[in-house]
1. Counting just the residues of the range 216-226 that are in a strand (DSSP E or B) and without any contact (Cβ under 8 Å) to a residue 60 or more places away in the chain, which one comes out most open to solvent (accessible area, probe 1.4 Å)?
2. Give the residue that is farthest from the chain's Cα centre (by Cα), with candidates limited to residues of the range 136-160 that are surrounded by fewer than 17 Cβ atoms within 10 Å (Cβ to Cβ) and either among the β-branched types (Val, Ile, Thr) or part of a strand (DSSP E or B) (or both).
3. Check Trp97 against each of (1) touching a Leu at 6+ places or on another chain (Cβ under 9 Å); (2) farther than 30 Å from Phe167 by Cβ and name the one condition it does not meet.
4. Anything in the range 40-57 that is surrounded by 21 or more Cβ atoms within 10 Å (Cβ to Cβ) and more than 16 Å from Ile132 (Cβ to Cβ)? List them, or say none.
5. I'm told Thr75 meets every condition in (1) of a type in the set (S, T, N, Q); (2) surrounded by fewer than 21 Cβ atoms within 10 Å (Cβ to Cβ); (3) at pLDDT 95 or above except one. Can you identify the failing condition by its number?
6. Filter the range 81-104 for residues that are of a type in the set (A, V, I, L, M, F, W, C), within 18 Å of the chain's Cα centre (by Cα), crowded, with 16+ Cβ neighbours inside 10 Å and closer than 24 Å to Ala185 by Cβ and give the result.
7. Look through Glu229, Glu208 and report the one residue that is modelled with pLDDT of 95 or more, out of contact with any Cys (no Cβ under 6 Å at 6 or more places or on another chain) and either farther than 29 Å from Asp38 by Cβ or not in a helix (DSSP H, G or I) (or both).
Amino acid sequence: MTSLRVLGCSGGIGGANHTTAFLLNQTILLDAGTGVADLSSSELLQIEHVFLTHAHLDHIAYLPLLLDATLGARTRPVIVHAGAATIQTLKTHIFNWLIWPDFSVIPTAEQPLLQFVPIEVGQMHCVDELVITALPAEHTVAALAFQVSNLTASLVLSGDTIGGAAFWQAVNQISDLKVLIIETAFAESNAKLAQLAKHLCPSTLARELKSAPAGIEVLITHLKPSEDEQTMAQILALLPTTAVRRLIQGEIIQF
């Protein structure tokens, strides 16, 4: 059984809201938003791999702080798996000695705390008895979705996306898919903004889910805190026969 702990699943902060971060079997992070802050020092030390969907701040905000918090206590680097464009963005704009130290050469270039591994759509990585596969995602910047598979089932995390044929073609090839975590960032009143930002709103989610395989559980993430209840009500009204619910921060999904 695989365990996915929801550290953060909000489209913003405020109060108890944390942005996107999922802890997979204690050692793997899927995105590194503000939800990482809830982990203890010992839990932070257990993280060995980070898979990033894209480079937007709400998905990478706590990666620099994770590295800083565990400096001196690690014997192996944190391996960050991401698309080449995402890695270049992190190198240029975050780990540049201006915003944050370059942990890819700290404490030494030969034994750094941070190691980047570029991944492409379709590539599979075997990590801790799991297979994590990069899937296509369409957003305003280069982005990926991820399929997480064990011996019996798969889960897909859409990342930030507007959907699209390539994403659904990949998803529909997964014969053992049990759970789809998919974003819906905006309420219907902000449909134009959602389109511009390449996020989903309730009507576009309903349209996109027509391409989803039958029999899966659909979990909604990335709701904006200011309109989360309104957005979720609109989703449920548009999808009365779909097994869809809101993802809950702190819950543990097992598959």
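1. Glu217
2. Among them, the one singled out is Thr152.
3. Checking Trp97 against (1) touching a Leu at 6+ places or on another chain (Cβ under 9 Å); (2) farther than 30 Å from Phe167 by Cβ, the one that fails is (1).
4. Ala55, His56
5. Condition (3) is where Thr75 drops out.
6. So in the range 81-104, the residues of a type in the set (A, V, I, L, M, F, W, C) come out as 82, 84-85, 87, 90, 94-95, 97-100, 103.
Restricting the remaining residues to those that are within 18 Å of the chain's Cα centre (by Cα) gives 82, 84-85, 87, 90.
Remaining after also requiring crowded, with 16+ Cβ neighbours inside 10 Å: 82, 87, 90.
Hits for the range 81-104 are Ala82, Leu90.
7. Glu208
Every residue, every condition in (1) aromatic (Phe, Trp, Tyr); (2) within 26 Å of Thr34 (Cβ to Cβ); (3) open to solvent by less than 30 Å² (accessible area, probe 1.4 Å); (4) not in a loop (DSSP other than H, G, I, E, B), yes or no:
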position: Ile182; (1), (2), (3), (4): no, yes, yes, yes
position: Lys192; (1), (2), (3), (4): no, no, no, yes
position: Ile235; (1), (2), (3), (4): no, yes, yes, yes
position: Thr241; (1), (2), (3), (4): no, no, no, no
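The values are calculated or read from the model by the stated rules, or taken from the named source; none is laboratory data. Since this is a predicted model, take the numbers as computed values, not measurements. Because the Cβ atoms are built from the backbone with ideal geometry, glycine has one as well, and the counts that use them run over all protein chains shown. What goes into the accessible areas is simple: the full protein's heavy atoms, side chains included, and nothing from ligands, DNA or RNA. Shrake-Rupley method; radii C 1.70, N 1.55, O 1.52, S 1.80 Å.
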